[in-house]
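Reading through the structure tokens given below for one structure.
The values are calculated or read from the model by the stated rules, or taken from the named source; none is laboratory data. Keep in mind that what you see is a predicted model, and the values were worked out from it rather than measured. Reconstructed Cβ throughout: ideal geometry from the backbone, glycine too, with neighbour counts over all protein chains shown. Accessible surface is based on the protein model in full, side chains and every heavy atom, while ligands, DNA and RNA are left aside. Shrake-Rupley method; radii C 1.70, N 1.55, O 1.52, S 1.80 Å.
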Amino acid sequence: MAAARDYDTDPGGPIESPYTPGVVAVFTPGRERQLARMERALVRVAGQGRFEGRIHVVQGARGVGKTSLLRVIERKANALGITSVFVTAGTGSVLAALATELQERVRATAPESLAARVRAAVSALTVELGGVGVGVSLRDRPVHAMTGTSPDAVSASAAVPGLKRLIELVARSGENASRGLLLLVDEVQDMPSAEIRVLATAWQELQSEVAAPGAARLPAAVFAAGLGDVHDAITRGASFGERFHFETLRNLSDEAAVQAVIEPASAAGVSWSFDALESMLALSGGYPYFVQLYADEAWHARARYAGDVLTPDDVAAGCEMADDQVRAFYRGRWLRATEAERRVLIALARTGGDEATRSQIAEAMGVKSNDISMARASLVAKGLLVVARRGVLAFAAPGFGRYIVEEHLA
């Protein structure tokens, strides 16, 4: 989606593009419902000292704005006075990274008495997480050193108390002028299963404890984001993971895509013609990354000045460059697929659209529906396919099927 920004440039000079393809956006049209739900949770945390017992997870294909959504929520939490920590799974121990960042936040703002208690809690949790080979320094900024030990060596029963203690210390740090704690985990499907179990178990136990009569308030919440298979990844780690709140992000509606294009341009004093918008919508298919890309290339078709209007000619001029980048995007996805997965992609492409039922795909391959289960799961995990609805698979990025037909079936 387009990234809105403030402009402070020479009014007579060219204006830079407000669109940033592939960069985390600060403007997220079409995600109002998800934002509203998360904002209500933040208000409960900051204003009422509430503990959000359900972990919120947004899922969807790459490029639909999951990370941007988490970053927007992070800024809103900070504006409410909530201490937030953002980590991305896939590069080591997520729990150790959370502990590291929490220690840094507290060390920067809290009295030494609280900082000392947090250091002790981090030290204890680090010992309990020893199975993942993470080293944490308590004096300087902690350093992560992977030893190659399997993350599944983490003992949930050992690590849960330490994580709970750390969460309680930071979330209840009234002396730290904080109004609660928000943990944000991106790419959660890459989080080690054992650590998912630790986090889920700790959160479940805290929920039970704060619900007890006379229990102290615990203002805290967890928001996460992941690919389309994140539900399976979470339930593999914790059998009660279905209690999380899952919400799927899909491609933008025409209205949201138009908003993502015209509002940043308007902030720069530039507008779009109706016909140019229609052309951009047809090319992008509502896929947020493509919306940014085609809008950005149309902008760069010529120098932009305040009062300009982007036309269909601008979209056409930028289209060649954008198309080259889209083909490279598709090619990268094709290369990530195995031979077995490519057969599924080809069968889906041959149906003539961007989605088809599992039975249609299997029939095109001459096999039974169950025979494509492994390839289907892997393609969803890689973000190449999404489950559009029950029994229906779709290309995560629109137009991928057309690319396969033109490049690999011609």
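Structure summary
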quantity	calculated
Count of region 270-291 residues which are among the polar types (S, T, N, Q), within 22 Å of the chain's Cα centre (by Cα) and open to solvent by 10 Å² or more (accessible area, probe 1.4 Å)	0
Sole exception among (1) touching a Lys or Arg at 6+ places or on another chain (Cβ under 8 Å); (2) farther than 29 Å from residue 310 by Cβ; (3) surrounded by fewer than 18 Cβ atoms within 10 Å (Cβ to Cβ) for residue 26, by number	(2)
Answer residue from region 239-269, given it is open to solvent by 40 Å² or more (accessible area, probe 1.4 Å) and touching a Lys or Arg at 6+ places or on another chain (Cβ under 8 Å) and is nearest to residue 29 (Cα to Cα) among those	267
Of residues in region 349-367 being out of contact with any helix residue (DSSP H, G or I) (no Cβ under 7 Å at 6 or more places or on another chain) and farther than 16 Å from residue 385 by Cα, the one most open to solvent (accessible area, probe 1.4 Å)	363
Residue satisfying all of: in region 40-72; charged (D, E, K, R) and open to solvent by less than 70 Å² (accessible area, probe 1.4 Å); farthest from residue 205 (Cα to Cα) among these	66
Boolean, residue 112 is open to solvent by 20 Å² or more (accessible area, probe 1.4 Å), modelled with pLDDT of 90 or more, over 30 Å from residue 385 (Cα atoms) and not basic (Lys, Arg)	no
Region 120-134, subset surrounded by 19 or more Cβ atoms within 10 Å (Cβ to Cβ) and at pLDDT 75 or above, residue farthest from residue 92 (Cα to Cα)	121
Filtered residue count, region 197-223, keeping only those that are assigned to a helix (DSSP H, G or I), open to solvent by 10 Å² or more (accessible area, probe 1.4 Å) and of a type outside the set (Ser, Thr, Tyr)	7
Pairs where the first residue, in region 244-266, is over 17 Å from residue 69 (Cβ atoms) and small (Gly, Ala, Ser) and the second is at pLDDT 95 or above and open to solvent by 50 Å² or more (accessible area, probe 1.4 Å), C-beta under 6 Å, 6+ apart	none
Residues (open to solvent by 50 Å² or more (accessible area, probe 1.4 Å) and of a type in the set (D, E, K, R)) located in region 224-238	232, 236
Boolean, residue 99 is modelled with pLDDT of 85 or more and either open to solvent by less than 10 Å² (accessible area, probe 1.4 Å) or within 24 Å of residue 250 (Cα to Cα) (or both)	yes
Listing of helices (runs of 4 or more DSSP H) fully contained in region 299-379 that carry 2 or more residues being free of Cβ contacts under 8 Å to residues at least 12 places away in the same chain and of a type in the set (Asp, Glu)	312-336
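Yes or no, residue by residue, for (1) charged (D, E, K, R); (2) at pLDDT 95 or above; (3) surrounded by 14 or more Cβ atoms within 10 Å (Cβ to Cβ):
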site	(1), (2), (3)
300	no, yes, yes
309	no, yes, no
313	yes, yes, yes
326	no, yes, yes
347	no, yes, yes
369	no, no, yes
388	no, no, yes
396	no, no, yes
